[in-house]
Amino acid sequence: MTGEPPARQRDWSALRGGRTRIGLGCDYNPEQWPRELWPQDVDLMRQAGLTFVTLGVFSWSLLEPEPGRFDLDWLGEVMDLLHAGGIAVDLATGTASPPPWLSHRHPETLPVDRDGRRAWPGGRQAWCLSSPVFRDRAVALAEAMATRFGDHPALALWHVGNEYGCHNAACYCDTCAESFRHWLAGAYPDLEALNAAWGTAFWSQRYGDLAQVLPPRRALTPSNPSQVLDYARFCSDALLGQFLAERDVLRRVCPDVPVTTNFMTLNHFRDLDYHRWASEQDVVSTDHYLVATQVDAEAELAFSGDLTRGLARGEPWVLMEHSTSAVNWQPVNPAKQPGQMLRNAVSHLAHGADALGFFQWRASQAGTEKYHSALLPHAGTDTRIWRDVMRLGSLVERLDGLAGTRVSAEVAILWDYAAGWALNQPSQPSELVRYGDEAQALHAALLRHGIAADVVHPHQDLTGYRLVIAATLYACDDRAVRGISDAVRAGSDLLVTYYSGIVDEHDRVRLGGYPGALRDLLGIRVEEFWPLLPGERVLLDDGATGGIWSEDLRLEQAAAVARYAHGPLAGVPATTRRDADGATRWYLATSLRGEDLDRFVSMVIAQAGVEAPVDAAHGVERVVRTGESGSYLFLINHTDRPVQVAAHGVELVSAHRVDGTLTLAGGGCAVVRQSSNESS
Ligand code: GLA
Ligand code: ZN
């Protein structure tokens, strides 16, 4: 069930070099380099202050050069060297990318796309998510690794696979078709229930036998949206099944070592339901890369951090990978600006990371990723990047004590991957409405106000938040609706944006007027959607302008806050509020941005009693982490101007005391260990 609480996190402090320490590490691929370099690598890692490396992620073809013949000695040598150097290991099962012999012998392990084209080997991660052959082979390798290294003193964490679904998030082969039917047989009591859920009365799609059901392969029109939605669930579960098969063998062979796999909570990856995955992790870990063309890319970084913390149920998490500078997989790959690497790393910490990992140690000399930045660039140690790495290493040492402290937030933003899978399909009122855009815009607006938010699944207990935000939460099941209502009844304010609560978990419209699931709570009824054309704007009578969406809305128990000032909907409410039972329920029927959104958010948070920090300088991210060891104030200046912020304590980036006022340079960041009387 989505959103179940995970078992409590297992202790993973060995990765960080101690209970109170922050971890620092990277992917290490020694197999790409001559043996003679390995001792030098370890020396440099020590100099940089690394506490861990991730080893063996893409080593399968060297670990098992022929079927069933394992060659693990070279890896043992590396593990011994690392251990002697005091560096812990996050050891991969090595199963992320199969070796050429596997697809050569078993071409059926290669994934198939919607058009029926089988992928060729030659890249990475080319495996079908239902393949029994792949599963057996991967589990055998995981078992060999666990048996050989399970009691190695350097081993601190198991790293199963790598970024599941990065390239193989879906497969449409016949084996997957069979597994899908099996999955459906478990998900629905009978075929009639499936027919009803998928609305197969439409377009003559009624199934008379489960054997007739296929994956949503390319058809002449968009496929049945409920089928597409279930297929996304199935694929996420199939990949999770692979993870679990490997995890369970590790747990059996070495039960004391915690296990993780690195998620991709970053914005452009939404293919797995990480809420289901998170409860299976001993510690949640994720990767994050900035997208150069994205507006507000660092606000997206903060969102990803808050989402990861939500997945970890507030517990500390591992940033397994980010980059020191450029990546290699965009059309143009800009270098990070001076200071940006440090600022990004500090931002991940602010949002709850207790370890900072990078991809990768040495920039590769060959292969697809040779132009991806690393800790050690092609140009060596006499470089800006290496000096920045050393600076980060010394900051991480000063952050001793931060580990285990928590962020607490008064605002919850709801996040549901399946709602996105339902929404981001063709045949919607507007393809300009994308899942997550409004959630991220609202999160960014809160950030500009200096307010922290949790990004959580709607099934989580929401009572106690001062404000709950459902932003374009297109699909809501009954349990989500109950959870939202319970929170409101217990006193949380609620903000809902357009196109939320429209359908149930099968993508079936909730009838009687939109937004069916939340209509009564909000006291409104929408008769018809009036989406706006690209670039079209609509003026509101409070001076704001909306884009993307408008709708013909009737007030039931709510009052209008602003109305459309012109056009065919002139006089119709665009923003509404309903005050009842001690809570305010806001509805935003159009898309606001920039100052218009900031003004709207200011009004909502003031009403909710969410305290914006007195000195909040607009555009300065401000998060406090607190715990037994004290209280840490994180400040990140996203503007290009210097700003002044009140602070008392020791500022750990500069290693100076501050008493009163801290000046943050444009783009600068600070971590203040607050003096005890200031730690509220
Ligand atoms: C992912 C992978 C790494 C590497 C980086 C490059 O995070 O896990 O192996 O490919 O991307 O950005
Ligand atoms: Zn398949």
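The values are calculated or read from the model by the stated rules, or taken from the named source; none is laboratory data. Given the structure is predicted, the values throughout are model-derived calculations rather than measurements. Counting neighbours? That spans all protein chains shown, and the Cβs are built from the backbone with ideal geometry, glycine included.
Could you grab the pairs with beta carbons closer than 7 Å, sequence gap of 6+ or different chains, first residue in the stretch 162-183 and touching a residue at least 12 places away in the same chain (Cβ under 8 Å), second one away from ligand 2 (no atom under 12 Å from the Cβ) and outside any loop (DSSP other than H, G, I, E, B)?
162/92; 162/262; 163/262; 163/287; 164/243; 181/210; 183/237
Condition first: away from ligand 1 (no atom under 13 Å from the Cβ) and either out of contact with any helix residue (DSSP H, G or I) (no Cβ under 6 Å at 6 or more places or on another chain) or not in a loop (DSSP other than H, G, I, E, B) (or both). Now tell me which residues in the stretch 350-365 satisfy that.
Scanning the stretch 350-365 gives 350, 353, 354, 355, 356, 362, 365.
Conditions: (1) in contact with a Ser or Thr (Cβ under 9 Å, 6 or more places away or on another chain); (2) part of a loop (DSSP other than H, G, I, E, B); (3) closer than 30 Å to residue 20 by Cβ. Residue 617 meets all but one. Number of the miss?
So the condition that residue 617 fails would be (3).
Check off (1) out of contact with any strand residue (DSSP E or B) (no Cβ under 6 Å at 6 or more places or on another chain); (2) within 16 Å of ligand 2 (Cβ to nearest atom) for residue 223 and give me the number that stays unchecked.
Exception for residue 223: condition (2).
Go through 305, 357, 310 for me and flag whichever is within 20 Å of residue 275 (Cβ to Cβ), in contact with a strand residue (DSSP E or B) (Cβ under 6 Å, 6 or more places away or on another chain), at pLDDT 95 or above and more than 16 Å from ligand 2 (Cβ to nearest atom).
310
I'm told residue 625 meets every condition in (1) surrounded by fewer than 20 Cβ atoms within 10 Å (Cβ to Cβ); (2) outside the structural domain of residue 521 (by TED's automatic domain parsing) except one. Can you identify the failing condition by its number?
If we test residue 625 against (1) surrounded by fewer than 20 Cβ atoms within 10 Å (Cβ to Cβ); (2) outside the structural domain of residue 521 (by TED's automatic domain parsing), just (1) comes out false.
If you scan the stretch 620-653, which residues turn out to be aliphatic (A, V, I, L, M), over 27 Å from the mean Cα position of the chain (by Cα) and assigned to a strand (DSSP E or B)?
Once the filter is applied, which keeps residues that are aliphatic (A, V, I, L, M), over 27 Å from the mean Cα position of the chain (by Cα) and assigned to a strand (DSSP E or B), the stretch 620-653 yields 643, 645, 646, 647, 650.
Charged (D, E, K, R) and within 31 Å of the chain's Cα centre (by Cα), is that true of residue 504?
yes
Restricting attention to the stretch 251-263, which residues are in contact with a Gly (Cβ under 8 Å, 6 or more places away or on another chain) and either free of Cβ contacts under 8 Å to residues at least 60 places away in the same chain or buried (at least 22 other Cβ atoms within 10 Å of the Cβ) (or both)?
257, 261
Could we say that residue 563 is modelled with pLDDT of 95 or more, in contact with a strand residue (DSSP E or B) (Cβ under 9 Å, 6 or more places away or on another chain) and within 21 Å of residue 492 (Cα to Cα) here?
no
On the given criteria, is residue 327 within 23 Å of residue 632 (Cβ to Cβ), modelled with pLDDT of 95 or more and under 19 Å from the mean Cα position of the chain (by Cα)?
no
Before we move on, is residue 266 hydrophobic (A, V, I, L, M, F, W, C) and surrounded by 23 or more Cβ atoms within 10 Å (Cβ to Cβ)?
For residue 266, the condition - hydrophobic (A, V, I, L, M, F, W, C) and surrounded by 23 or more Cβ atoms within 10 Å (Cβ to Cβ) - is not met.
Does residue 292 satisfy being surrounded by fewer than 22 Cβ atoms within 10 Å (Cβ to Cβ), more than 17 Å from the chain's Cα centre (by Cα) and farther than 30 Å from residue 150 by Cβ?
yes
Select, from 165, 161, the only residue that is surrounded by 15 or more Cβ atoms within 10 Å (Cβ to Cβ), within 26 Å of residue 286 (Cα to Cα), modelled with pLDDT of 95 or more and touching a strand residue (DSSP E or B) at 6+ places or on another chain (Cβ under 9 Å).
Exactly one of 165, 161 is surrounded by 15 or more Cβ atoms within 10 Å (Cβ to Cβ), within 26 Å of residue 286 (Cα to Cα), modelled with pLDDT of 95 or more and touching a strand residue (DSSP E or B) at 6+ places or on another chain (Cβ under 9 Å), namely 161.
For every residue, the table says whether it meets (1) assigned by TED's automatic domain parsing to the domain that holds residue 322; (2) modelled with pLDDT under 95; (3) farther than 27 Å from residue 396 by Cβ.
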residue: 7; (1), (2), (3): no, yes, yes
residue: 22; (1), (2), (3): yes, no, no
residue: 43; (1), (2), (3): yes, no, no
residue: 56; (1), (2), (3): yes, no, no
residue: 65; (1), (2), (3): yes, no, yes
residue: 81; (1), (2), (3): yes, no, no
residue: 93; (1), (2), (3): yes, no, yes
residue: 101; (1), (2), (3): yes, no, yes
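Provide a single number: the residues in the stretch 246-283 that are part of a helix (DSSP H, G or I) and within 16 Å of ligand 2 (Cβ to nearest atom).
The qualifying residues number 0.
Kindly indicate the residue of the stretch 235-250 that is among the small types (Gly, Ala, Ser) and over 23 Å from residue 309 (Cα atoms) and also surrounded by the fewest Cβ atoms within 10 Å (Cβ to Cβ) among those meeting that condition.
241
In this structure, is residue 552 over 31 Å from the mean Cα position of the chain (by Cα) and in the same structural domain as residue 486 (by TED's automatic domain parsing)?
Yes, satisfied.
Quick one: how many residues across the stretch 113-128 are surrounded by fewer than 24 Cβ atoms within 10 Å (Cβ to Cβ) and either in a helix (DSSP H, G or I) or within 16 Å of ligand 1 (Cβ to nearest atom) (or both)?
5
Please work out if residue 330 is away from ligand 2 (no atom under 16 Å from the Cβ), in contact (Cβ under 8 Å) with a residue 60 or more places away in the chain and either part of a loop (DSSP other than H, G, I, E, B) or of a type in the set (A, V, I, L, M) (or both).
So residue 330 fails the test.
It is to be established whether one or more residues within the stretch 161-180 are of a type in the set (A, V, I, L, M, F, W, C), within 16 Å of residue 250 (Cα to Cα), out of contact with any Cys (no Cβ under 7 Å at 6 or more places or on another chain) and away from ligand 2 (no atom under 12 Å from the Cβ).
no
Tell me, yes or no, whether the stretch 220-242 has at least one residue that is more than 29 Å from the chain's Cα centre (by Cα) and either without any contact (Cβ under 8 Å) to a residue 40 or more places away in the chain or more than 15 Å from residue 130 (Cα to Cα) (or both).
Yes, the conditions are met somewhere in the stretch 220-242.
Select from the stretch 308-323 the residues that are within 11 Å of ligand 1 (Cβ to nearest atom) and either touching a residue at least 40 places away in the same chain (Cβ under 8 Å) or outside the structural domain of residue 54 (by TED's automatic domain parsing) (or both) and list them in ascending order.
Residues satisfying the conditions are 320, 321, 323.
Need a quick list: strands (runs of 3 or more DSSP E) entirely within the stretch 516-595 having at least 1 residues that are among the aliphatic types (A, V, I, L, M).
Filter on the stretch 516-595 gives 524-529, 537-539, 551-555, 559-563, 573-580, 583-588.
Filter the stretch 636-675 down to residues that are surrounded by 19 or more Cβ atoms within 10 Å (Cβ to Cβ) and small (Gly, Ala, Ser) and give me whichever is farthest from residue 445 (Cα to Cα).
Among them, the one singled out is 649.
Return the only residue of 439, 444, 453, 490 being at pLDDT 95 or above and either outside the structural domain of residue 420 (by TED's automatic domain parsing) or within 25 Å of residue 228 (Cβ to Cβ) (or both).
439 is the lone residue from the list that is at pLDDT 95 or above and either outside the structural domain of residue 420 (by TED's automatic domain parsing) or within 25 Å of residue 228 (Cβ to Cβ) (or both).
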